[in-house]
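One structure follows; several queries about it will come next.
The values are calculated or read from the model by the stated rules, or taken from the named source; none is laboratory data. The structure presented is a predicted model; accordingly, all values stated were derived computationally and were not measured.
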Amino acid sequence: MSNASPRENCVIQFNYRTPAGALINLYAQDVAHASQLLEELEGLLPQSAAIESLITGVDAAKPIAAASVSTQANGSEPAGPADAPTCNHGQRNYREGVSKAGKPYKAWFCPSPDRATQCPAEWVRD
């Protein structure tokens, strides 16, 4: 068994990003090796999707960290994670900051890691 990096003899490189965002890199020595790797990947993708689905479900179920929730003097935001609104994906995450356009924002965001399935933000009005 060689200690050489798979990239040392690489002639063909494939980069594949799964729907959940995991990056898979394949390094092939020639066309036959690339074909073999792609066939192996095809067999692994259903397992990878099942694992990502499980991880995404666990991630969505995690409680909001207390540091991500704040309280304004006027009380417009909830006092803690127990008061956080929810959506189809679990408890929302509170964030505030300044947009690229320089405008301040405050909102509750969907916890889904997949932007395509995220619920619309709930904006906090002062």
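Just to be sure, is Thr86 at negative phi, within 16 Å of the chain's Cα centre (by Cα) and at pLDDT 85 or above?
The answer is no for Thr86.
So if I check each of Gly43, Gly102, which one is part of a helix (DSSP H, G or I) and modelled with pLDDT of 65 or more?
It is Gly43.
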